[in-house]
Structure formats: C-alpha cells, structure tokens
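Visitor: Could you have a look at this structure, given as structure tokens, before my questions?
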Amino acid sequence: MVLGAGCVVSAADSGWMADALCAETDPDAFHPERANPDGAARRVCQRCDVQAACLAYALATGQSEGVWGGTSPAQRRRMRLAKVVHR
Ligand code: SF4
C-alpha cells in the first residue's frame, strides 16, 4: 500500500492503514515538496477516520517527510521536541 506521504508500507505495519483515505486520493498532494498543512492534503486528513492513528504512527516512527495525520514535517518536529521537553 502507498500512503499519502509516498511511503510504501507493508500490511503488517498496522490495521489502520487499510482505512487511509489518502490511499484513494492524489498522492502528489502528500509529497514533501507540497506538504502544506493548510492545503489539499490537510483537507483530506480532516475527513480521514484514522487521522489520530496515522499521526501517532508518524510520531512513533519518526516520519520526517510528507503529510501524516494532517501535520506537516515541521509540526511533527515541534511535537517531538515538546514531548522531550515535558518528560
Ligand atoms: S490522516 Fe491523512 S495521511 Fe494519514 S492516513 Fe488519513 S489521509 Fe492519509
């Protein structure tokens, strides 16, 4: 399966990926060079039933490119830093 961020993942990664809305849309919208959190990709994520699981996966696996769970790479970097600071 190819998710929005252009990452190819195996079926063993997690069950939530089967419900990824971006798999049914234009993957170009999720490419890093176009990863605008206010753009088309974010609108798709807002309608996706697995947004929370997707974001949790991206944070847990350190996805540094593309839109995951409605967030840009910069937003996820800030989330990871905030988590480190608050430990
Ligand atoms: S939240 Fe966005 S990037 Fe994640 S699976 Fe859903 S549509 Fe794809």
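The values are calculated or read from the model by the stated rules, or taken from the named source; none is laboratory data. Because the structure is a prediction, the values reported are computed rather than measured. Cβ coordinates were reconstructed from backbone atoms using ideal geometry, including for glycine residues, and neighbour counts include every protein chain displayed. What goes into the accessible areas is simple: the full protein's heavy atoms, side chains included, and nothing from ligands, DNA or RNA. Shrake-Rupley method; radii C 1.70, N 1.55, O 1.52, S 1.80 Å.
Visitor: I'd like the full set of residues that are open to solvent by less than 70 Å² (accessible area, probe 1.4 Å) and either within 15 Å of the ligand (Cβ to nearest atom) or touching a Pro at 6+ places or on another chain (Cβ under 9 Å) (or both), limited to the stretch 69-85.
Guide: 69, 70, 71, 72, 73, 74, 75, 76
Visitor: Also, I was wondering about something else. Looking at the stretch 2-22, is at least one residue open to solvent by 50 Å² or more (accessible area, probe 1.4 Å), within 11 Å of the ligand (Cβ to nearest atom) and at pLDDT below 85? Talk me through it step by step, then tell me what you get.
Guide: Filtering the stretch 2-22 down to residues open to solvent by 50 Å² or more (accessible area, probe 1.4 Å) leaves 2, 8, 10-13, 15, 18-19.
Retained after the next criterion (residues that are within 11 Å of the ligand (Cβ to nearest atom)): 2, 18-19.
From the residues that got through so far, the ones that are at pLDDT below 85 too are 2.
Yes, some residue in the stretch 2-22 is open to solvent by 50 Å² or more (accessible area, probe 1.4 Å), within 11 Å of the ligand (Cβ to nearest atom) and at pLDDT below 85.
Visitor: Scan the stretch 44-68 for residues that are open to solvent by 10 Å² or more (accessible area, probe 1.4 Å), farther than 12 Å from residue 20 by Cα and of a type outside the set (Val, Ile, Thr) and jot them down. First the steps, then the outcome.
Guide: Of all residues in the stretch 44-68, those open to solvent by 10 Å² or more (accessible area, probe 1.4 Å) come to 44-57, 59-65.
Then keep just the ones that are farther than 12 Å from residue 20 by Cα; that gives 56-57, 59-65.
Result: 56, 57, 59, 60, 62, 63, 64, 65.
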